[in-house]
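Below is one structure, written out as structure tokens; the observations come after it.
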Amino acid sequence: MVVHNRSMRGLSSFDNGFDSIIEMSFNMKRGGDDNARLPYHVVVTVSNSPYRKWQCRIMYYWYKKVKNMVRSEMGGFTKVLHSGNPDNLMDEISTFVADSLPGGMDRVSEKF
């Protein structure tokens, strides 16, 4: 959904939540108080494949570039590695190691 130059009040899907978050963000930016920032925390999920590791390193490179910019809203960066085993990027990128799901658990069941 794209809404240009209109208030989102009265749209049922945005009532009591989304609109107030947007207003809070605009108010914080107008205030100019760096202590009032709500930085983004980037979380990326990766497997142990060489291609996914390469993608994650590229994302982390650009994250660091943007984080170092003046008035950047970047907070932390966490890689969720769902192989169940540590990898060779753990010293470079903050990593949470999660166990893999059992085979077939990532598919939607007809019971739902």
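Points worth noting:
- Taking a sphere under 10 Å around the Cβ of Val42 and counting the other residues whose Cβ falls inside, with K and R at +1 and D and E at -1, yields a net charge of +2.
- Net charge contributed by nearby residues that have their C-beta within less than 14 Å of Lys79 (K/R +1, D/E -1): +1
- Extension gain, Lys64-Asn85: 0.36 nm per intervening residue step, less the Cα-Cα distance, totals 5.0 nm.
- The Cα atoms of segment 36-102 define a convex hull whose projected area, averaged across directions, is 5.0 nm².
- Applying 0.36 nm per residue to the separation of Ser47 and Phe96 and subtracting their alpha-carbon distance, the gain on full extension is 16.5 nm.
We did not get these values from a lab; they are worked out from the coordinates using the rules stated. No experiment lies behind these values; they were computed from the predicted model shown. Neighbour counts are summed over all protein chains in view; Cβ atoms, including those assigned to glycine, are modelled from backbone coordinates with ideal geometry.
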